[in-house]
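Before any comments, here is the structure.
The values are calculated or read from the model by the stated rules, or taken from the named source; none is laboratory data. Given the structure is predicted, the values throughout are model-derived calculations rather than measurements. Please note: Cβ atoms are built from the backbone with ideal geometry, for glycine as well, and neighbour counts cover all protein chains shown. With ligands, DNA and RNA removed, areas are computed over all heavy atoms of the protein, side chains included. Shrake-Rupley method; radii C 1.70, N 1.55, O 1.52, S 1.80 Å.
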There are 2 protein chains.
Amino acid sequence: MMSETIQLAHGSGGKLSHDLVQQIMLPAFSNPALNLLHDGAQLPVSGGRIAFSTDSFVVKPRFFPGGDIGKLAVCGTVNDVAMNGAIPLYLSAGFILEEGFPVDELRQIVASMGQAAIEAGVTIVTGDTKVVEKGAVDGIYINTSGLGFIPEGVTISPCRIKPGQDIFINGYIGDHSIAVMGERHGLTLPATVLSDCAPLAGLVKELLTAVPDIALLRDPTRGGVATTLNEIAGQAKVGIRMDETAIPIRPEVQAVCDILGFDPLYLANEGKVIVIAEPCHREKILETMRSHQYGVHARLIGTVVAQPAGQVGLQTAIGGMRLLDMLAGDQLPRIC
Amino acid sequence: MMSETIQLAHGSGGKLSHDLVQQIMLPAFSNPALNLLHDGAQLPVSGGRIAFSTDSFVVKPRFFPGGDIGKLAVCGTVNDVAMNGAIPLYLSAGFILEEGFPVDELRQIVASMGQAAIEAGVTIVTGDTKVVEKGAVDGIYINTSGLGFIPEGVTISPCRIKPGQDIFINGYIGDHSIAVMGERHGLTLPATVLSDCAPLAGLVKELLTAVPDIALLRDPTRGGVATTLNEIAGQAKVGIRMDETAIPIRPEVQAVCDILGFDPLYLANEGKVIVIAEPCHREKILETMRSHQYGVHARLIGTVVAQPAGQVGLQTAIGGMRLLDMLAGDQLPRIC
């Protein structure tokens with residue numbers, strides 16, 4: 001019998017750790033590699049290239065409209081792996097739990113991870129749980145690391161960015177940040193403001209099947225679209241020109257931003273991908289994205305330019321040009 | 001210029017996150033895969049089997065005789081990967097930092113990770129940093145996940161455990177727990193009581209080169225030798241018979257245990273490996289371990305028996321038989 005709350009001994013490596021794994025983790029994640037409960041998973045691979053990524057999740061609150069820390073922990077790392085042009089296959093899960101954490105809530109979070117993993121087509125093959133004393137962590141933090149295989153013929157790299165290429169996004173920006181912020185502060189927001197948290201592995205796979213030549217994929221999470229494009233412009237030593245009127249923003253999200261003084265271009269997304277490719281692929285990319293459930297509102301939002309290198313300019317609705325820098329401070333800590 | 005303490009914006013994904021990576025992480029970990037700063041690393045692999053493992057580190061205090069949280073974070077995961085019979089190659093590093101954490105201390109910890117990685121022969125190819133508000137984490141927690149390749153002809157699995165096999169350990173047990181506990185409580189312990197924290201990749205590689213037929217490797221970390229052997233006995237459905245007089249324990253560690261009421265068989269180790277193999281390999285295994293710096297005090301400590309299945313018995317110095325169960329509570333939380 002599990003107790004109702006997590007005790008320090010659930011992280012001891014001893015009997016209670018064993019019970020926690022058997023009664024909470026295995027029912028949610030069960031698969032042959034994990035079930036062996038060795039010091040890690042042994043996995044067959046074929047030769048080629050793998051993508052490897054890691055992310056820790058500390059989102060506050062743990063449950064929010066459109067998701068929870070468990071779904072986020074799976075989708076976040078699945079998406080980072082997919083951004084390498086890879087098919088995500090395996091995840092690890094590392095939990096840091098606070099003494100006294102409700103076991104029912106943990107069960108709910110791991111169930112949510114299990115569901116997200118099924119949708120993303122990944123298996124959680126290895127894990128670890130630490131328990132720290134009350135006050136040494138805020139409830140639960142989750143790290144996931146992910147592995148995927150990169151199909152032959154796909155090369156996703158900032159080195160492939162060239163002036164003249166198109167920049168796309170697969171839908172509305174800012175939803176995740178506003179949904180989490182609203183929940184955190186008890187605001188009553190329209191029911192349509194939901195986190196966009198979603199696994200993008202399927203969308204990326206279809207995109208790369210349609211257009212293996214895609215130059216870059218990147219998910220605009222913390223720091224938002226503006227910061228991500230700045231990173232790309234800096235790494236590729238190109239300029240980026242964005243079209244403000246083309247950027248998909250829900251009116252209700254824009255309204256919250258206007259009231260509270262947030263800029264949606266700097267808000268975190270958890271189900272968005274920026275795609276950069278030669279303009280000859282434009283129709284195929286838009287068509288592929290728009291026929292996928294996570295790309296219905298896909299748009300061409302900008303162009304790679306030669307100069308000024310390293311800078312991102314926004315052509316505003318009223319015809320001016322605004323320079324978009326990286327996020328300087330932090331609008332919303334613990335957003336993921 | 002870095003500030004002297006970590007600010008929330010160092011985890012924003014924006015400019016300060018960028019500075020943190022450029023000024024603190026890259027100098028310590030620099031390698032071609034990490035330097036790309038993409039959403040993960042792209043790595044070449046040859047076909048075969050990989051090992052994948054994860055561990056979070058929450059040790060308290062962060063610095064202790066023989067190591068620190070950084071060295072531990074690298075060695076812990078390197079060792080878990082090696083316990084699959086794999087040559088560890090790549091690590092991820094996920095940091096959760098508390099607002100106000102001293103940047104100098106972070107620099108020291110990542111330098112220690114960098115050094116341990118060099119000794120272990122691994123590169124830190126991808127990472128993530130989150131910052132949470134004061135009080136939401138106790139200073140710094142680190143997750144590492146690791147990847148390694150399993151040489152052909154090596155199969156490490158509890159399924160290969162058979163009655164009659166030898167059980168070895170590569171040296172003194174309990175040192176890590178006692179060193180950390182002593183530092184935590186300000187005890188004055190002999191200078192020889194140091195954490196055994198060490199990367200075992202080299203020792204494991206030499207062992208598997210000498211004896212590819214080894215049946216099982218496992219590191220007795222949390223829960224200690226007694227708990228690890230219970231897990232093995234349960235998974236392999238065999239009995240285990242240990243010889244108390246053969247188990248290497250430093251007299252000074254035994255003395256602290258006697259005074260404070262700890263049982264060294266349940267204390268965590270961070271540089272120990274339990275090796276199980278057919279008795280025909282005995283001399284070669286002992287010779288290989290003893291000629292390695294991390295196996296000088298290697299000993300044959302027990303035997304696999306058929307009955308009672310799932311149980312671990314300890315033949316005591318005075319001739320009795322004591323049943324060793326799994327660790328029930330938690331003697332020393334936050335030991336790793």
Q: Past 26 Å, Cα to Cα, is the threshold; run A:Lys60/B:Lys134; A:Lys15/B:Lys205; A:Lys130/B:Lys162; A:Lys134/B:Lys237; A:Lys284/B:Lys15 against it and keep the listed order.
A: A:Lys15/B:Lys205; A:Lys130/B:Lys162; A:Lys134/B:Lys237; A:Lys284/B:Lys15
Q | Whole-Å semi-axes of the stretch B:73-197's equivalent ellipsoid (Cα gyration tensor) | A | 31, 22, 13
**Q.** the stretch A:158-324 - Debye-derived log10 I(q)/I(0), Cα point model, q = 0.10, 0.14, 0.16 Å⁻¹
**A.** -0.35, -0.69, -0.90
Q. Roughly what % of DSSP beta bridges within the stretch B:233-336 run antiparallel, to the nearest 5?
A. 65 percent
Q. Accessible area, 1.4 Å probe, largest first: how do B:Cys336, A:Cys159 sort?
A. A:Cys159, B:Cys336
**Q.** Signed unit charges on C-beta, dipole axis of the stretch B:8-150, positive-most listed residue B:Thr144, B:Gly67, B:Leu43
**A.** B:Leu43
Q) Which value, to two decimals, describes the C-alpha radius of gyration of chain A once divided by 2.2 N^0.38 Å? A) 1.03
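Would you mind giving the mean number of other chain beta-carbons within 10 Å of the Cβ of each residue in A:43-51, as a whole number? Don't skip to the end; give the middle numbers.
Details: counts 8, 5, 8, 4, 5, 5, 4, 9, 7.
So the per-residue partner count for this stretch is 6.
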Q: Please give the solvent-accessible surface of A:Tyr172 in Å², to the nearest 10, using a probe radius of 1.4 Å with every protein chain present.
A: 50 Å²
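Packing-wise, with mean Cβ within 10 Å as the measure, how do A:278-285, A:242-249, A:124-131 rank, highest first? Walk me through the intermediate numbers first.
Numbers: A:278-285: 15.1, A:242-249: 16.6, A:124-131: 26.4.
Per-residue mean Cβ counts within 10 Å order the peptides as A:124-131, A:242-249, A:278-285.
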Q: Return the percentage of antiparallel bridges among DSSP beta bridges fully within the stretch B:8-150, rounded to the nearest 5 %.
A: 70 percent
**Q.** By accessible area with a 1.4 Å probe, ligands and nucleic acids excluded, highest first: order of B:Met181, A:Met326
**A.** A:Met326, B:Met181
Q | Heavy-atom accessible area order for B:Asp325, B:Asp166, largest first, 1.4 Å probe | A | B:Asp325, B:Asp166
Q. Dividing the Cα radius of gyration by the Kirkwood radius, what Rg/Rh value follows for the stretch B:83-124?
A. 1.09
Q: With a 1.4 Å probe and every protein chain left in place, tell me how much accessible area A:Leu208 has, in Å² to the nearest 10.
A: 10 Å²
Q) Which percent, to the nearest 5, of DSSP beta bridges fully inside chain B are antiparallel? A) 75 percent
Q | Computed accessible area, B:Lys60, all protein chains, 1.4 angstrom probe, square angstrom | A | 70 Å²
Q. Just the projected area, averaged over all directions, of the convex hull on the alpha carbon atoms of the protein assembly as shown: how many nm²?
A. 28.2 nm²
(Q) Running a GNM on chain B with Cα contacts under 10 Å, which residue among B:Ile173, B:Ile87, B:Ile96 ends up with the highest mean-square fluctuation? (A) B:Ile96
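In the stretch B:163-278, carbon and sulfur make up what percent of the accessible area (probe 1.4 Å)?
Heavy-atom surface of the stretch B:163-278 belonging to carbon and sulfur, 1.4 Å probe: 53 percent.
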Q) Tell me: how much accessible area in total is hidden between B and A, 1.4 Å probe, Å², nearest 100? A) 5900 Å²
Q: Check each residue of the stretch B:69-94 and keep those whose accessible area, probe 1.4 Å, is at least 10 Å² smaller with all protein chains in place than in the chain alone; give them in order of residue number.
A: B:Asp80, B:Met83, B:Asn84, B:Ser92, B:Gly94
Q.
Using alpha carbons only, how many angstrom separate the centre of the stretch B:48-86 from the centre of the stretch B:179-229?
A. 11 Å
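In the stretch B:8-150, carbon and sulfur make up what percent of the accessible area (probe 1.4 Å)?
Ligands and nucleic acids excluded, carbon and sulfur reach 57 percent.
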Q.
Defining a contact as two alpha carbons under 8 Å apart and six or more residues distant in sequence, what relative contact order in percent does the stretch B:158-324 show?
A. 43 percent
(Q) Rounded to two decimals, what is the ratio between the C-alpha radius of gyration of the stretch A:8-150 and 2.2 N^0.38 Å? (A) 1.02
Q | Rounded accessible area per residue of chain B, 1.4 Å, Å² | A | 35 Å²
Q.
Please compute the contact order of the stretch B:39-109 in relative form: average sequence separation of alpha-carbon pairs under 8 Å and at least six residues apart, divided by the residue count, as a percent.
A. 30 percent
